[in-house]
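The values are calculated or read from the model by the stated rules, or taken from the named source; none is laboratory data. Please read all numbers here as calculations on a predicted model, not as lab measurements. Here the Cβ positions follow ideal geometry from the backbone for every residue, glycine too, while neighbour counts run over all protein chains shown. The area values use the complete protein model at the heavy-atom level, side chains included, leaving out ligands, DNA and RNA. Shrake-Rupley method; radii C 1.70, N 1.55, O 1.52, S 1.80 Å.
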Amino acid sequence: MLNKLANLPRRLHRVFLPGQSTTRNKEEEIITRVGSDESLLFSAIRQNVNRHASALHNILHLYRALNRLLGLVGESAHQKKVVLEMGTAREPGLPLVLLLAGADKYYANNILPIDDWVSEAYAKLSYLMLAGFMPYDPVPLSQVCVNEVDGNGTPIVRLRPEKFVSLSPVPAEEITLPESSVDLIFSFSVLEHVKRPRAVIQNMFRMLKPGGIAVHGIDLRDHTDFSKPLDFLMYSPEDYVLKTQATENRWRASDFLDCFKSEGFEISKHLFRDTTLSLTSTGATDACDSVMEPFDTMLPKSSFETITPWITDEMRARFYHLYQTKSLADLSILTMAVILRKP
């Protein structure tokens, strides 16, 4: 019988030979196919880039954006030793990236819990990507995290507690770090969600060192449906809470800029986008498409005067009265980035 089995085609061995793991063979077959076919590999990379908090989303999308924005004012993430992120994902991949890039201390804040570990494969992929495109070697993984095995026997790495500190679950306005203790504060798609934006901005100013930098990407769209980015401006505050998911504070670009100035920040740079972003089939922002475009095209406008209003007087008249006093240019801004400095 064994002799007959030995003469069967290779693909049937996986089914019939004793001790043969069909799941393992299938996994190896998939890895081999993806690894040797650029079109399949690109599809896999695209999927990872578009998955929030994934290794490639963090490096190719968020870390790239942070460094490019800092570069506009002659700064880099590599220079910032004490970092605070507002809105850190539960899987702390971006903290890992910034620590590998040279940060000494990373404070991670969210109103939701944040883990202090990622899988070993996640960490190795992050290191591999950074080593491939950074102009200097990343900090060795062993200096940033320690190897462990979780309860299922899966290799993980745990961020060193002297490097990574979770400030969670705590609202950003209630962070109690010492005054003038942080070099860089940043967030992506977070400030539009905070319930007390002025209090958050005041606390941010308090914690930054003199000369410290704050970088924020702010998504001004209605997050319940990006294809109808400003429909939520039609609701009164009461109806917005009662009839929708009400996940945003609905501040417009001018509200944020006025608040930054009134709370003492110098605005080193602000950038705007007044056109729609590519969406995936599920309606999420297509981060991979964004990475494939020149960075300058993501936020191409630098002043209200350069905005091409797509909101009309008729559309504005349908908004709640608080937004009817806003300019058409202000209302037409869908996303923005701002680089701030504490004098």
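Between Thr280 and Arg198, the FRET efficiency from the beta-carbon distance, with R0 = 25 Å, is close to 0.15. Of the listed residues Trp251, Trp310, the order by accessible area with a 1.4 Å probe, largest first, is Trp310, Trp251.
In plain terms, the C-alpha convex hull of the chain casts an average shadow of 21.9 nm² when viewed from every direction.
What would the Debye equation give as log₁₀ I(q)/I(0) for segment 244-343 at q = 0.12, 0.15, 0.23 Å⁻¹, counting only Cα atoms as equal point scatterers? Once normalised to I(0) and log-transformed, intensities are -0.49, -0.75, -1.31. Stretching the chain fully between Lys209 and Thr244 yields a gain of 8.7 nm (0.36 nm per residue, less the alpha carbon separation). Summarising the amide proton neighbourhood of Thr335: residues at separation of 5 or more, or on other chains, whose placed amide H is nearer than 5 Å comprise Leu220, Arg273.
Take the chain with all the other protein chains still there, run a 1.4 Å probe, and you get 50 Å² of accessible area per residue.
As a fraction of the 1.4 Å probe accessible area of the chain, surface on carbon and sulfur atoms comes out at 55 percent. Taking 0.36 nm per residue of separation and subtracting the Cα-Cα distance, full extension of the segment from Ser180 to Ala44 would add 44.7 nm.
Answer rounded, prolate or oblate for segment 27-139, using the Cα gyration tensor with square roots of eigenvalues a ≥ b ≥ c: rounded when a/c is under 1.5, else prolate when a/b is larger than b/c, else oblate. Prolate shape, in that a/c is at least 1.5 and a/b is the bigger ratio. When both segment 274-321 and segment 92-168 are represented by their alpha-carbon centers, they are found 33 Å apart. Computed over segment 191-256, the quotient of the alpha carbon radius of gyration and 2.2 N^0.38 Å is 1.30. Rolling a 1.4 Å probe over the protein chains gives Val73 an accessible area of about 30 Å². Note on exposure: Lys261, Lys342 ranked by accessible area (1.4 Å probe, complete protein assembly) read Lys261, Lys342, with the most exposed listed first. Connecting C-alpha atoms closer than 10 Å in a GNM of the chain, tell me which of Leu98, Leu208, Leu72 has the biggest fluctuation. Its mean-square fluctuation being the largest, the pick is Leu72. Rounded to the nearest whole Hz, the Karplus-based 3J(HN,Hα) values (6.51 cos²θ - 1.76 cosθ + 1.60, θ = phi - 60°) of segment 138-145 follow the sequence x, 5, x, 3, 5, 8, 9, 8, with x at glycine and proline. Measuring with a 1.4 angstrom probe and ignoring ligands and nucleic acids, Arg64 comes out at about 60 Å² accessible. Across the protein chains, with a 1.4 Å probe defining accessible surface, the residues Asp222, Asp239, Asp104 rank Asp104, Asp239, Asp222 from largest area downward.
Computed extension gain for Ala53 through Met292, at 0.36 nm per residue and net of the alpha carbon distance, reaches 84.2 nm.
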